[in-house]
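The structure appears right after this line, and notes come after that.
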Amino acid sequence: MTVPEVVFVLGPPGAGKGTQCSKISERYGYIHLSAGDLLRAERASGSVNGDLIQEYITNGQIIPVAITIKLLEAAIVSSGASKVLIDGFPRNKENLEGWETEMTNTGKIKTKFMLFFECSEDECLARAMGRDQGRADDNVESFKKRINTYLDSTMAVVEEFRGRGALRVINANPGPDIVFEETSKLFQGELSPDLAAAVTQDVAPLPPLPTLPPLPAVSESVITEQQPVVTEQQPVVTEQQPVVTEQGSLMIDIPLDAHSDTDPGLFSYCTLL
């Protein structure tokens, strides 16, 4: 059975964690679990923990770790996913210790790293007040309480992961598309080469090959005519050896004198008895 890999996603309220998690899920195949969304859903379900959760959320306080871990574990198991983004958790050292005791040390999950979206307080406030998600904590008073909790408690967890060498920081002040460009570079670096090659991306086309200049024409004057080579055949003169016949006579080939009236191509033969 594959042990799910978890990436924690943290940042101040209004940093755009939910937006970036949705983009990461679509591109890289993670499921996105928001601890806050799970808690709000549990509150709305009318369970025994609903009123308690409502009180903590309204006051900008951190929900008891046992409730949050139980909800997260149930969501991971039911999804059957092997890659999980957990947004908004762990919010403090108690959350982290409870998670590692219940989930990491028991081998139920493997924590890969923490993704931290860094954003200024003014930008976060403007975003939180500008969104319309029907959240009870999207007001200035609740926002300030959440910021204080974030500074007092959550940053200690961020520094813990920094000390472990497992913190990845993204500047979340620009618009969501620019932020996701930087986030994508980070996830590409975290993937193995095979998985990285399989991720669908808009790849710029290769530049066209340069056009080579035409070859210069060859002048006729450059072409040389192969002249035949004539060699003079030198006559080969062989010395005719006398031949003795069985009858004991001697035959001698004597070429005719060049000035003789006889055809020079003929030979005269004299037989000596």
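Where residues in the stretch 42-89 are in a helix (DSSP H, G or I), in contact (Cβ under 8 Å) with a residue 40 or more places away in the chain and within 24 Å of GLU5 (Cα to Cα), which of them is farthest from the chain's Cα centre (by Cα)?
ALA75
Which of the residues spanning the stretch 140-157 are of a type in the set (S, T, N, Q), surrounded by 13 or more Cβ atoms within 10 Å (Cβ to Cβ) and over 14 Å from LYS93 (Cβ atoms)?
SER142
For THR183, all conditions in the list (1) modelled with pLDDT under 95; (2) among the hydroxyl-bearing types (Ser, Thr, Tyr); (3) surrounded by 10 or more Cβ atoms within 10 Å (Cβ to Cβ) hold save one; what is the number of the exception?
The single condition THR183 does not satisfy is (1).
Looking at this structure, is GLU123 touching a strand residue (DSSP E or B) at 6+ places or on another chain (Cβ under 6 Å), at pLDDT 85 or above, under 24 Å from ARG168 (Cβ atoms) and surrounded by fewer than 19 Cβ atoms within 10 Å (Cβ to Cβ)?
Judged against the criteria, GLU123 is not a match.
Cβ-Cβ under 9 Å, sequence separation 6+ or interchain: first residue in the stretch 90-112 and closer than 10 Å to ILE69 by Cα and part of a loop (DSSP other than H, G, I, E, B), partner of a type outside the set (Phe, Trp, Tyr) and modelled with pLDDT under 95. Which pairs?
PRO90/ALA35; PRO90/VAL65; PRO90/THR68; PRO90/THR154
Could you check how many residues of the stretch 20-40 are in a helix (DSSP H, G or I) and loosely packed, with under 15 Cβ neighbours inside 10 Å?
The number of residues fulfilling the criteria is 1.
The values are calculated or read from the model by the stated rules, or taken from the named source; none is laboratory data. Please read these numbers as outputs of a predicted model, since none were measured by experiment. Ideal geometry is used to build each Cβ from the backbone, glycine not excepted, and the neighbour counts take in all protein chains shown.
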